[in-house]
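Reviewing the structure listed below.
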Amino acid sequence: MHHPSHRLALSRRTLLALGAVATLPVGSAAAEEGGTIRVTYPAAVATLDPAKFRVGGLEYNYAYCVFNRLTTQDAKLQVMPDLAASWEATPDLKTWTFHLRPGVKFHDGKPLVAADVVFTYTRLKDKEIGSVLRAPLDVVTKVEAIDPLTVQFTLSIPYADLPALVAGYQAMIVSEATAATLTTNPIGTGPFKFVEYKPGDQMVLERNADYFLPGIPKIDRAILRIIPEYTTAVAALESGAVDIVYDLPPEQSDKLKKSTTIHVAEVSTGAWQGIVMNNDMKPFDDPRVREAFMKLVDKPSFTDIATFGHGTPTVTPIPPTHPYFRKDISLVADVPGAKKLLAEAGYANGMKVEIFVPGSSPPMERLATAFRDAAKQANVTVTLRVVPQDKFFAEMEGKVPLNVDNFFGRTTPDLMLYSWYHSTGSWNNTLWHYKNTAVDKLLETARATSDKAEQAKLYGEFQEIVNKDGPGSIVYVSNFACGISNKVKGFVPSPLMWVDINVVTLT
């Protein structure tokens with residue numbers, strides 16, 4: 001635990017830097033550049049190499065500080081320039097050209113050039129690297145440097161969402177010169193430089209004075225602490241030892257409502273939790289059983305039970321905030337319908353199943369418990385098996401008939417759905433092994449059109465199909481909440497679950 005005197009020394013230094021402190025109104029403090037911000041995360045990084053990211057949390061947030069991508073996305077998921085200042089496509093959507101910002105430097109002083117982008121994408125497509133972006137990048141057949149600041153992507157199909165795909169968490173641009181040391185001394189172009197990482201304890205970052213956006217970042221140092229227990233993290237926030245607690249669970253966020261020194265900032269996300277059925281394993285190889293289990297899920301009440309009201313029921317990973325979301329599809333349970341389907345499938349006298357749950361996730365445990373209780377109405381006996389997270393992801397995910405799982409939100413319907421529902425999709429083949437030719441066709445057609453009205457129609461049909469013949473039940477999208485010290489100014493939580501410390505100041 002960092003001693004509170006570190007914070008006092010910092011505040012004093014900040015005030016001295018202000019000079020004319022006496023002119024401040026009584027009771028107010030002025031935000032000032034400089035200082036050290038401390039943010040806590042519940043889990044350590046699995047790797048410092050962005051291409052190999054799988055889980056999220058601290059990994060994505062560290063990378064957001066140290067690296068850049070070709071593009072980024074704002075709070076409304078609009079694609080924005082990052083290392084690419086602009087881009088355009090040929091009319092057939094099969095050739096995309098990105099124009100890099102001039103004058104960008106890596107932390108070691110090396111200028112950013114198109115060859116770095118080519119190297120990054122060649123690496124992402126390398127089977128040996130094993131990146132989860134490799135499958136979505138299958139549409140890319142060639143990446144080439146046209147000149148030092150121009151990169152061209154050649155695709156095998158018309159694909160409207162390439163600018164959003166290159167904003168993927170794993171698509172941080174790295175240099176071939178320093179790729180070998182990414183796991184020990186990562187060097188990017190981002191607003192912060194990596195200083196050190198003590199595994200399982202903390203990561204230290206410092207301001208990149210040469211960052212290409214003027215006046216960013218505003219603070220000198222960031223300490224990203226790993227505190228697995230939220231009660232400990234919140235106690236550190238209350239004592240002033242840390243400034244931001246990342247991804248507060250609902251029970252903690254409700255406790256902080258009355259604090260005078262801390263506030264909670266919350267935003268709806270596309271991060272979803274659901275009940276996953278392995279369609280290759282009995283009894284879920286029978287679509288009637290899958291549909292029956294989906295009918296047992298009362299999404300509004302399950303969402304309230306799991307999130308204490310800090311989530312929104314959904315149909316698929318398309319979040320309710322998205323214009324393509326089908327508001328007219330029922331989210332409530334149909335127990336008589338479930339019983340009828342189970343009887344047709346040969347389970348009129350009931351059945352017994354186990355549901356596996358990753359540990360250290362109270363909302364997922366509550367979701368599994370809600371399902372267990374609801375299933376009793378159809379004479380289905382559900383036994384909960386809570387497994388430590390590392391064991392769950394290594395040995396259970398996609399290898400057991402029934403489990404609860406969750407995923408970070410993606411940024412376009414294609415990225416939200418294709419990998420999870422297409423018969424060739426990478427996450428589909430990891431999780432639920434679902435095959436539906438009508439769904440395949442809808443997803444293939446939708447990703448190849450840039451006509452928003454046509455896309456809305458196709459994704460609308462998709463939602464209707466998988467609500468009935470689905471691989472499992474996507475129950476809700478969760479809110480992303482952070483506990484924030486009132487000393488932190490300018491922090492806004494992102495629906496992409498970033499803790500954006502680039503623009504914050506401390507009082």
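Quick rundown of the values:
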{"read-out": "From the options Asp373, Asp414, Asp469, residue that is acidic (Asp, Glu) and either closer than 30 Å to Thr47 by Cβ or open to solvent by less than 30 Å² (accessible area, probe 1.4 Å) (or both)", "value": "Asp414"}
{"read-out": "Whichever residue in region 186-220 is in a loop (DSSP other than H, G, I, E, B) and among the aromatic types (Phe, Trp, Tyr) and, among such residues, is most open to solvent (accessible area, probe 1.4 Å)", "value": "Phe212"}
{"read-out": "Among (1) without any contact (Cβ under 8 Å) to a residue 40 or more places away in the chain; (2) touching a His at 6+ places or on another chain (Cβ under 8 Å); (3) under 24 Å from Arg372 (Cβ atoms) - the single one Pro471 does not satisfy", "value": "(1)"}
{"read-out": "Yes/no for Val499 being of a type outside the set (D, E, K, R), touching a strand residue (DSSP E or B) at 6+ places or on another chain (Cβ under 8 Å) and buried (at least 21 other Cβ atoms within 10 Å of the Cβ)", "value": "yes"}
{"read-out": "Cβ pairs under 6 Å, 6+ apart, first in region 474-488 and at pLDDT 95 or above, second buried (at least 23 other Cβ atoms within 10 Å of the Cβ) and of a type in the set (D, E, K, R)", "value": "Ser485/Asp243; Val488/Asp243"}
{"read-out": "Thr231 of a type in the set (Ser, Thr, Tyr), in a helix (DSSP H, G or I) and in contact with a helix residue (DSSP H, G or I) (Cβ under 9 Å, 6 or more places away or on another chain)", "value": "yes"}
{"read-out": "Cβ pairs under 7 Å, 6+ apart, first in region 331-349 and under 27 Å from Gly311 (Cβ atoms) and of a type in the set (Lys, Arg), second in a helix (DSSP H, G or I) and open to solvent by 60 Å² or more (accessible area, probe 1.4 Å)", "value": "none"}
{"read-out": "Failed item, numbered, when Met80 is tested on (1) free of Cβ contacts under 8 Å to residues at least 60 places away in the same chain; (2) over 25 Å from the mean Cα position of the chain (by Cα); (3) surrounded by fewer than 17 Cβ atoms within 10 Å (Cβ to Cβ)", "value": "(2)"}
{"read-out": "Residue check, Ala180 among the small types (Gly, Ala, Ser) and either within 15 Å of Val39 (Cα to Cα) or outside any loop (DSSP other than H, G, I, E, B) (or both)", "value": "yes"}
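Per-residue answers, yes or no, for (1) closer than 23 Å to Ile305 by Cα; (2) part of a helix (DSSP H, G or I); (3) not small (Gly, Ala, Ser):
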position	(1), (2), (3)
Ala375	yes, yes, no
Val382	yes, no, yes
Ala394	no, yes, no
Asp405	yes, no, yes
Gly409	yes, no, no
Ser423	no, no, no
Glu461	no, yes, yes
Cys482	yes, no, yes
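The values are calculated or read from the model by the stated rules, or taken from the named source; none is laboratory data. Keep in mind that what you see is a predicted model, and the values were worked out from it rather than measured. FYI the Cβ positions are ideal-geometry reconstructions off the backbone, even for glycines, and counts take in every protein chain you see. Protein only, heavy atoms only, side chains kept; ligands, DNA and RNA dropped before computing areas. Shrake-Rupley method; radii C 1.70, N 1.55, O 1.52, S 1.80 Å.
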